[in-house]
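I have placed the structure first, in the form of structure tokens, so that the comments after it can refer back to it.
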Amino acid sequence: MISAPMTSLMAVPLPRTAPLGRTNGQLPLLLRAFHRPRPSHVTCGLRGTGRRGPLWRSDVLSTESIQAVQSLKLAKSTPRLGQVLSGRLSRLLKADLLNALSELQRQNELDLALMVFKHVQKEVWYEPDLDLYCDMIHLLGRNKMIERAEDLFSEMRRCGLEPDTRTYTEMIGAYFKVGMIEKAIETYEVMKAEGCTPDRLTLTILIRNLDNHGEEALAANVKKECYEYMDSPRKFLEEAQRKYPKRKSINLV
């Protein structure tokens, strides 16, 4: 079937029940279809267009990243693991490799994540990245590997990276995870002394865990400091109480 030339198609009068001019300041439906605004930028595939994460990590897993994660999990605790690490991972693009690491962290595959993290550090494009270290410290803290978390924190500083609010918060959470309350408070004090301002997550972790451990005096001090660090401290404390109900209510100072 031969298509009619575009010029002849456009010349054919279109049936209409209303004038083609504007109606109430708007184009008729038919003309609006030809006047859709063009996007200001072009996106490729399914990848997001927002701010890139550390080291250009993407929010969408590629097929290569998914296959790499599956291969690593299948080869775990087998002699094939070394082959997968040196073979499949070495062929991944930077974003795909970082996505695979993020997915292993999400699935709490601690041992595999540590291996892939070491592999990332050996790549020619790698530069020490604070967010990457924070993600690994969070994973170690979640699994109560406090000594490994401390080692990674020290390694991060040796690489020339200075901890920020999130880094200290991850360490505070890791200490609470293993019941090391004094170290958590000590880290909190160092954080403030280094000029890092506690955020909502920092204060929530402190209040929640100190209350749960019966440390009423320490919890009261943190609640008072909410008035220094939070824009709406009373609302914040009310939300913390509502979101994380304790045996004892949070006293508003």
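A few remarks follow.
Per-residue answers, yes or no, for (1) surrounded by fewer than 15 Cβ atoms within 10 Å (Cβ to Cβ); (2) without any contact (Cβ under 8 Å) to a residue 12 or more places away in the chain; (3) more than 21 Å from Leu72 (Cβ to Cβ); (4) in contact with a strand residue (DSSP E or B) (Cβ under 9 Å, 6 or more places away or on another chain):
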position: Glu103; (1), (2), (3), (4): no, no, no, no
position: His119; (1), (2), (3), (4): no, no, no, no
position: Lys122; (1), (2), (3), (4): yes, yes, no, no
position: Leu130; (1), (2), (3), (4): no, no, yes, no
position: Gly141; (1), (2), (3), (4): no, no, yes, no
position: Met145; (1), (2), (3), (4): no, no, no, no
position: Asp151; (1), (2), (3), (4): yes, yes, yes, no
position: Arg166; (1), (2), (3), (4): no, no, yes, no
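- Selection of region 190-210 for residues being assigned to a helix (DSSP H, G or I) and open to solvent by less than 30 Å² (accessible area, probe 1.4 Å) yields Met191, Thr202, Leu203, Thr204, Leu206, Ile207, Leu210.
- Any pair with Cβ under 8 angstrom, 6 or more apart, that starts in region 175-189 at a residue that is in a loop (DSSP other than H, G, I, E, B) and ends at one that is at pLDDT 95 or above: Val178/Lys144; Val178/Ile146; Met180/Ile146
The values are calculated or read from the model by the stated rules, or taken from the named source; none is laboratory data. Only a predicted model underlies this, so the values are computations on that prediction, with no experimental measurement involved. Ideal geometry is used to build each Cβ from the backbone, glycine not excepted, and the neighbour counts take in all protein chains shown. The accessibility values were calculated without ligands, DNA or RNA, using every heavy atom of the protein model including side chains. Shrake-Rupley method; radii C 1.70, N 1.55, O 1.52, S 1.80 Å.
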